[in-house]
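Down below is the structure, laid out as structure tokens.
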Amino acid sequence: MGISMRSPPWLEANIEAKIEPEPNTGCWLWTGTLNGRGYGLIKFDGRNIYAHRYVFERLVGPIPPGLELDHLCKVHCCVNPTHLEPTTHRENCLRGVSFSAINARKTTCHNGHPLSGDNLVQSALRRGGRTCRICWNAYYREWLRRKRIQPRHDIKT
């Protein structure tokens with residue numbers, strides 16, 4: 001994307017007027033236009049750009065290609081460059097609070113078995129999900145018992 005370092009002085013003054021420092025957290029809150037997800041927007045060269053990206057590039061430098069800015073403070077309208085870190089999209093998502101991020105951080109199943117090593121099964125049923133082998137085998141044996149099917153073996157992969 002790359003933001004031109006030659007912004008007009010009136011734009012710089014306008015941007016500074018829309019930044020409100022928050023003394024307790026150190027966030028610089030954007031008081032201008034916000035999009036539907038709470039990120040600040042700036043009209044620049046006839047298009048909307050994210051305020052945090054603009055401020056970061058003005059004060060720190062260009063964002064490396066292939067990376068995006070992660071709000072370490074988790075406040076979307078914060079434009080403080082010390083609260084922003086260039087990361088990959090995957091890392092940014094996994095640091096978040098989505099269901100996939102929460103599940104990716106789990107180290108044990110709901111019964112306390114480890115979700116690692118030989119006890120970890122990559123579940124084809126849940127499109128990339130992780131399953132505990134101990135719990136899956138117990139579920140499978142119970143399913144076979146209810147169906148009155150003789151078990152052949154426990155799941156290996």
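The values are calculated or read from the model by the stated rules, or taken from the named source; none is laboratory data. Because the structure is predicted, anything quoted here is derived from the model rather than measured. Note that we place each Cβ from the backbone using ideal geometry, even for glycine, and neighbour counts take in every protein chain shown. In case anyone asks, the SASA skips ligands and DNA or RNA and just uses the protein heavy atoms, side chains included. Shrake-Rupley method; radii C 1.70, N 1.55, O 1.52, S 1.80 Å.
Brief remarks on what is shown
- Some residue of the range 20-27 being under 24 Å from G96 (Cα atoms), at pLDDT 95 or above and surrounded by 16 or more Cβ atoms within 10 Å (Cβ to Cβ): yes
- Any hit, the range 35-57, residues being more than 30 Å from K18 (Cβ to Cβ), open to solvent by 30 Å² or more (accessible area, probe 1.4 Å) and of a type in the set (D, E): no
- Among the residues making up the range 53-83, those that are farther than 11 Å from C27 by Cβ and within 17 Å of the chain's Cα centre (by Cα) are R53, G66, L67, E68, L69, D70.
- Residue that is farthest from A138 (Cα to Cα), among those in the range 62-105 that are at pLDDT below 90 and assigned to a loop (DSSP other than H, G, I, E, B): G96
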